[in-house]
Amino acid sequence: MGSILAIIIGIVLIGLIIWWFFGKHQESSTAAEQGNNVQTATVVVKGGYSPSTVVLKKGVPAKVNFDMQDHTACLSHVVFSSLGVDKDLTKKKVTTVDVPTDKAGEINFACGMDMFHGKVVVK
Ligand SMILES: [Cu+2]
């Protein structure tokens, strides 16, 4: 009996690994909340970024809040390499990154090891 169980566990694990690498992960996207000449969006950091895509309006100053709910070293930093931003998310529960919206385009961000990815879309 024990070996059958081990085989089943093995098959499930292999399935999970295949799904992780080749499966089409659902990408969540959220539009920023519009305020008085400011727009804000919150990304929950927990085993990844949720949502992984934030949509910002061009020309409105933007704040993207990273709500840290993860305890792994992997996600402890968020890096916007094109902006030269590298923030330690473990200092505060919520860390705000000011994102420039002067031109339309995509700004990518990632964890400190470049394993988890998200992006900000300005349009
Ligand atoms: Cu990482």
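The values are calculated or read from the model by the stated rules, or taken from the named source; none is laboratory data. Keep in mind that this is a model prediction, so the values were computed, not measured. Here the Cβ is made from the backbone with ideal geometry for all residues, glycine too, and neighbour counts use every protein chain on show. When the accessible area is computed, the model is the full protein with side chains, heavy atoms only, and any ligands, DNA or RNA have been set aside. Shrake-Rupley method; radii C 1.70, N 1.55, O 1.52, S 1.80 Å.
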Kindly list, by first and then second residue, each pair from a residue in the range 61-81 that is farther than 17 Å from V121 by Cα to a residue that is part of a strand (DSSP E or B) and hydroxyl-bearing (S, T, Y), limited to pairs with Cβ atoms under 6 Å and residues at least 6 apart or on different chains. D67/T42
For the range 65-84, give me each residue that is under 11 Å from A110 (Cβ atoms), in a strand (DSSP E or B) and either touching a Phe, Trp or Tyr at 6+ places or on another chain (Cβ under 9 Å) or of a type in the set (S, T, N, Q) (or both). V78, V79, F80
Report, by residue number, each residue of the range 89-112 that is over 18 Å from S50 (Cα atoms) and either of a type in the set (S, T, N, Q) or within 16 Å of the ligand (Cβ to nearest atom) (or both). T101
Output for the range 113-123, where each listed residue is free of Cβ contacts under 8 Å to residues at least 40 places away in the same chain and more than 16 Å from the ligand (Cβ to nearest atom): none
Criterion (acidic (D, E), open to solvent by 40 Å² or more (accessible area, probe 1.4 Å) and more than 13 Å from the chain's Cα centre (by Cα)) met by exactly one of D114, D98: D98
Looking only at the range 93-113, count how many residues are assigned to a loop (DSSP other than H, G, I, E, B) and under 16 Å from T40 (Cβ atoms). 3
Taking into account only those residues within the range 42-91 that are touching a Lys or Arg at 6+ places or on another chain (Cβ under 9 Å) and acidic (D, E), which is surrounded by the most Cβ atoms within 10 Å (Cβ to Cβ)? D70
